[in-house]
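Undergrad: So that we are looking at the same thing, I have put the structure below in structure tokens.
The values are calculated or read from the model by the stated rules, or taken from the named source; none is laboratory data. These numbers come from a predicted model, not from an experiment. Here the Cβ positions follow ideal geometry from the backbone for every residue, glycine too, while neighbour counts run over all protein chains shown. Only protein heavy atoms, including side chains, enter the accessible area calculation; ligands, DNA and RNA are left aside. Shrake-Rupley method; radii C 1.70, N 1.55, O 1.52, S 1.80 Å.
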Amino acid sequence: MSKIGVAVCGATGSVGQRFIELLQGHPWFEVKCIMASERSEGKKYSEVVQWIVSPRIPEAVKDMEIKPVSTESLKSEDIRIVFSALPADVAGPVEEQFAKAGYAVSSNAAAHRKDPDVPILIPEVNAEHIKLIPVQRKNRNWSGLIVTEANCTTTGLIMPLKPIYENFGIEKVIVTTMQALSGAGIPGVPSMAIIDNVIPYIANEEEKVEWETLKLLGKFNGDKITPANIKVSASCNRVFVLDGHLESVLVETSRKASVEEIKKILAEFKGEPQKLNLPTAPRNPIIVLNEPNRPQPRFDRWAGEPERAKGMAVTVGRIRQDTVFEKGIKMTVLSHNTIRGAAGESILNAELLVAHKLIQ
Ligand SMILES: NC(=O)c1ccc[n+]([C@@H]2O[C@H](COP(=O)([O-])OP(=O)(O)OC[C@H]3O[C@@H](n4cnc5c(N)ncnc54)[C@H](OP(=O)(O)O)[C@@H]3O)[C@@H](O)[C@H]2O)c1
């Protein structure tokens, strides 16, 4: 099959760079347009990007001209998908213009996550929420569409929660995060603020983790998602780590579960991307680690096989019974925030839409 042309919006940023890197050699998609702010437009990618994700800027995009974020920029190329890595305030109206013009928008921004007819999609967790797309198209009279990925912190958390929710039910979740610097974008947190330090505040992050979890675990009921009836409390911290969000999680289940049962359902968990063998799907979306001091960002953020799915698996360790809640299980969860938590996730979402013929 010939490759589907794609565009990357916000291509110079922390997530945009991951898109550029992960889309190189993609079997289905080819980058045909890159877009960023007025500061960058009209210039060569290599002239303006502060490249941080690998040793070299990929040859195929090095000399590409950066275009303004607009439907006009897409017209001269055969493009079907727009990957959006824009700040939320910019993304809101622009993504709607793309969808109205017939493009499929796979977004990283929070702008549309709360819209009742826009799915927050993590294909292993809630692939059935793509049934919202026909509802969205009808409501808005669009030939295109918008799907979003979740906040990078929610994404790591939701992976182990899904099989626990399905098998034992969940009453409460209490999570404390240690989040990497790349999550703050480029240039991000000033070095003088973060070296030798932990910052116990990330604007709007706790609220996102708390409500997105309910939408993701919710049920599609014909024209909308009914959120899951569980309670989530998050405390988010920025730490001096480049990539990889670590989360300390306490789950109170509805039915009592043993540590061994939890380990088994997490290790065996698979979803639609694995069934469909999507190019960016990790063979095992959750990897259970038994060493007492793992996962660690430095060692485990690249989890995931095969090669194209590196950084797409979530590692879970320190699974143990809680000492306060009778039905409480504690665990430590790690996910790569700009791959599983952002660009890789959005690429997987687009692959799912192609597999379901929602993008043609
Ligand atoms: N970083 C993560 O781990 C992560 C995870 C999940 C979701 N997200 C979300 O993904 C989005 C991008 O995050 P990021 O961390 O990559 O941010 P970033 O590093 O600050 O990059 C922002 C990108 O948007 C462009 N941009 C900024 N203002 C613009 C404007 N007015 N018009 C057009 N383009 C504009 C920038 O272009 P210039 O270089 O030309 O200024 C840059 O390419 C955000 O919505 C964020 O919340 C991030």
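Undergrad: For the stretch 100-189, what does the accessible surface come to per residue with a 1.4 Å probe? Please give it in Å².
TA: Using a 1.4 Å probe on heavy atoms only, each residue of the stretch 100-189 averages 30 Å².
Undergrad: Can you pull out the trypsin sites (Lys or Arg not before Pro) in the stretch 1-45 that DSSP calls coil and that have at most 11 other Cβ atoms within 10 Å?
TA: Arg39
Undergrad: Between Gly328, Gly183, Gly156, where does the largest GNM mean-square fluctuation fall for the chain, given springs only between Cα atoms within less than 10 Å?
TA: Comparing Gly328, Gly183, Gly156 in the GNM, the peak value goes to Gly328.
Undergrad: Of all GluC sites (Glu not before Pro) in the stretch 305-360, which ones are in loop regions per DSSP and have a Cβ with at most 15 other Cβ atoms within 10 Å?
TA: Answer in residue order: Glu326.
Undergrad: Right, another one. Leaving ligands, DNA and RNA out of it, report the carbon-plus-sulfur percent of the accessible area of the chain at a 1.4 Å probe.
TA: Solvent-exposed carbon and sulfur of the chain make up 50 percent of the total.
Undergrad: Expressed as a rounded percentage, what relative contact order does the stretch 108-233 have, with Cα pairs under 8 Å and six or more residues apart?
TA: Details: 141 pairs, mean separation 38.9, N = 126.
Relative contact order here is 31 percent.
Undergrad: Now for a separate question. Quick check: from the Cα gyration tensor, does the stretch 152-336 come out rounded (a/c under 1.5), prolate or oblate?
TA: rounded
Undergrad: Shape call for the chain from the C-alpha gyration tensor, a ≥ b ≥ c root eigenvalues: rounded (a/c under 1.5), prolate (a/b greater than b/c) or oblate? List each step's numbers first, then the result.
TA: Working: a/c = 1.76, a/b = 1.37, b/c = 1.28.
Prolate shape, in that a/c is at least 1.5 and a/b is the bigger ratio.
Undergrad: How far is helix 88-100 tilted off the main Cα axis of the chain, in degrees rounded to 10, range 0 to 90?
TA: 60
Undergrad: For the chain, find the longest principal axis of its Cα atoms and tell me its angle to the long axis of helix 14-23, 0 to 90°, nearest 10.
TA: Between helix and principal axis, roughly 80 degrees.
Undergrad: What angle, in degrees between 0 and 90 and rounded to the nearest 10, separates the Cα long axis of helix 259-268 from the longest principal axis of the Cα atoms of the chain?
TA: The angle comes out near 20 degrees.
Undergrad: Could you tell me what percent of the DSSP beta bridges with both partners in the chain are antiparallel, to the nearest 5?
TA: Numbers: 25 of 59 bridges.
Beta bridges within the chain, antiparallel portion: roughly 40 percent.
Undergrad: In whole percent, what relative contact order does the chain give with Cα contacts below 8 Å and a gap of six or more residues?
TA: Across the chain, relative contact order equals 17 percent.
Undergrad: Still on this structure: For the stretch 186-230, run through the chymotrypsin sites (Phe, Trp or Tyr not before Pro) and keep only the ones in DSSP coil with at most 11 other Cβ atoms within 10 Å of their Cβ.
TA: Passing sites in the stretch 186-230 are Tyr201.
Undergrad: Next question. Would you mind working out the accessible area per residue for the stretch 214-261, using a 1.4 Å probe, and quoting it in Å²? If you can, show how the numbers build up before the last one.
TA: Working: 2260 Å² over 48 residues.
The answer is 47 Å² per residue.
Undergrad: Ok, one more. Could you tell me which of the pairs Lys62/Lys208; Lys215/Lys263; Lys100/Lys172; Lys75/Lys224; Lys219/Lys327 are separated by over 31 angstrom between their Cα atoms in the structure shown?
TA: Pairs exceeding 31 Å: Lys62/Lys208; Lys100/Lys172; Lys75/Lys224.
Undergrad: Rounded to the nearest Å, what's the spacing between the alpha carbon centres of the stretch 283-360 and the stretch 116-138? Just the number, please.
TA: Each part reduced to its Cα centre gives a spacing of 21 Å.
Undergrad: I need to check one value: relative contact order of the stretch 152-336, counting alpha carbon pairs closer than 8 Å and at least 6 residues apart, in percent.
TA: Numbers: 387 pairs, mean separation 48.2, N = 185.
Result for the stretch 152-336 is 26 percent.
Undergrad: Which value at 222 nm does the chain reach when only helices count, each DSSP H run of 4 or more adding -39,500 (n - 2.57), with the total divided by all residues and rounded to the nearest 500 deg cm²/dmol?
TA: -8000 deg cm²/dmol
Undergrad: With a/c under 1.5 counting as rounded, go ahead and sort the stretch 260-349 into rounded, prolate or oblate using the C-alpha gyration tensor (a ≥ b ≥ c being the square roots of the eigenvalues; past the cut-off, prolate if a/b is larger than b/c, else oblate).
TA: prolate
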